[in-house]
Amino acid sequence: MPGLFLGGEKWFYFKVMITVNMSKYSGQLHRLFLKHFGTEPVMFRSPGRVNLIGEHTDYNQGFVLPAAIDKATYIAIAPRMDDQVNIVSADLEQQYHFSLQDVGKSGLHWPDYIIGVVQQLLALGSPIHGFDIAFGGNVPIGAGMSSSAALECATAFALNRIFDCGLSSLEMVKAAQRAENQFVGVNCGIMDQFASMFGKDGHVIRLDCRSLDYTYIPFRMEGYRVALLDTGIRHNLSDTEYNTRRMQCESGVALIQMRYPEVQSLRDVTMQMLNDCIRPGNEIIYKRCKYVVEENIRLMQACSDLEENDIRSFGERMYSTHEGLAKLYEVSCPELDILVEETRLLDYVPGSRMMGGGFGGCTINLVREDHVDELVKTVGERYKKQTGKNMSAHIVTIGNGTSAVNNPFSD
């Protein structure tokens, strides 16, 4: 996954926020590309994402409420006349090369997000050939902001453009998701790639992960900011219980289908079904499914809160989501729990919860904009005292999805 190109936008709690100039990222990456390849590249970007509410519901065909953010992966790319692909990671200062005649896993992991997308586009019959590519970004790795989806979507978008593949945005999203599922080996749902590709400035996306119907909902939180408080605990979803949770949910659906064959996923399940079919015989599967069923209901209620501009009610639902993730879905960790619990003492934070796959990463917090510095300092100090670890923070703005980068060379 892309790391923190040029140091990123990460700061410890006692430092002030740094505003990132997009042109510096693209300009630095442009010069790096010229150094390695000596040809003029085309520049693209694809953002990370936050998810306001609706966690672990996407692969259960439920609803999610994500948004693209102002942290992104940037790529510089130029086509070649042969079948060679040359990749440079600006963040890792590493290179990888392969031929389109021999597409397979790299053994290094980080190139696999690009290789997986290439494999998917070839399978679709897209007329791609060799290319040179350099990438970097300021989406923190393992913090729950989907750095992998940003790289996958940027790659798909760029290849579609430079080779005139004719793919729609949704086709690119699906190809990027398949790359992560089938090539990288993480059974993620479609939310991360969808939000990265379809993000819209000032809006969250209510996405139906079954039909892929979506609605942009204005995020009118005047006077509030979105703050991500980072535990510093990094996870690799391939190596955690993410895939296990997905299998547990599928097991729950299979049990329910024995009595209710019309059920396709947990999207169709009621609490009565859970109580009748699962609770008597399997408490673990029951808890996993109960969380998902309740979270879908909570998300629809949260959308009504946004439409009514009821920040307090929306925030309380965020706290309820965290409780479900910690106690029912069991994907939290002590560090995440501490960060959430500490905000409950602060009247300028209406809502907080863990975000992402779990077992580390960030909490997402709504905070009054005149108290952002106070939040970061206060919670950072308390976190340090309880864990011995430094907390860092990322203040994000909701922005647009995947795009070409204009005027990339002006610093």
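Just so it is clear, none of the values below were taken in a lab; they were calculated from the coordinates. Just so it is clear, the structure is predicted and the values come from calculations on it, not from any experiment. Virtual Cβ from ideal backbone geometry, glycine too; neighbours counted across all protein chains shown.
From its DSSP helices (H runs of at least four residues, each -39,500 (n - 2.57)), the chain gives a residue-normalised ellipticity at 222 nm of -12000 deg cm²/dmol.
To the nearest 0.05, what FRET efficiency results for His109 and Tyr216 with a Förster distance of 25 Å applied to their C-beta separation? Before the final figure, lay out each step's value.
On the way: r = 34 Å, r/R0 = 1.38.
Efficiency computed from Cβ-Cβ geometry: 0.15.
Among the listed pairs Lys35/Lys71; Lys174/Lys200; Lys290/Lys384, those with a Cα-Cα distance over 23 Å are Lys35/Lys71; Lys290/Lys384.
For the range 140-189, the alpha carbon positions stretch 33, 22, 16 Å along the principal axes, listed from largest to smallest. For the range 292-407, the extents of the C-alpha atoms along the principal axes are 46, 38, 27 Å, listed from largest to smallest. Expressed in Å, the radius of gyration and Dmax of the Cα atoms of the range 239-285 are 10.8, 34. Against the chain, whose longest principal axis is taken from its Cα atoms, helix 242-257 shows a tilt of about 50°. Between 0 and 90 degrees, the angle of helix 311-327 with respect to the longest Cα principal axis of the chain falls at about 90 degrees. Translational diffusion coefficient of the chain (Stokes-Einstein, Kirkwood radius from Cα pairs, 25 °C, 0.890 mPa s): 113 µm²/s. Inter-label distance, Gln182 to Leu170: 1.9 nm, where each label sits 7 Å from its Cα along the C-beta direction.
Taking only the Cα atoms of the range 140-278, the ratio Rg/Rh comes out at 1.02, with Rh defined as the Kirkwood radius.
Taking 0.36 nm per residue of sequence separation and removing the Cα-Cα distance, the Ala254/Ala404 pair yields an extension gain of 49.6 nm.
Relative contact order of the range 117-245: 23 percent, from C-alpha pairs under 8 Å at least 6 residues apart in sequence. Here the range 197-350 is treated as a Stokes sphere of Kirkwood radius computed over C-alpha pairs; at 25 °C and 0.890 mPa s its diffusion coefficient rounds to 139 µm²/s.
Can you grab the distance from the C-alpha centre of the range 272-320 to the C-alpha centre of the range 106-126, Å, no decimals? Taking the Cα centre of each part, the range 272-320 and the range 106-126 sit 36 Å apart.
The charge dipole of the chain, taken about its Cα centre with unit charges on the Cβ of Lys, Arg, Asp and Glu (plus for the first two, minus for the last two), comes to roughly 380 debye.
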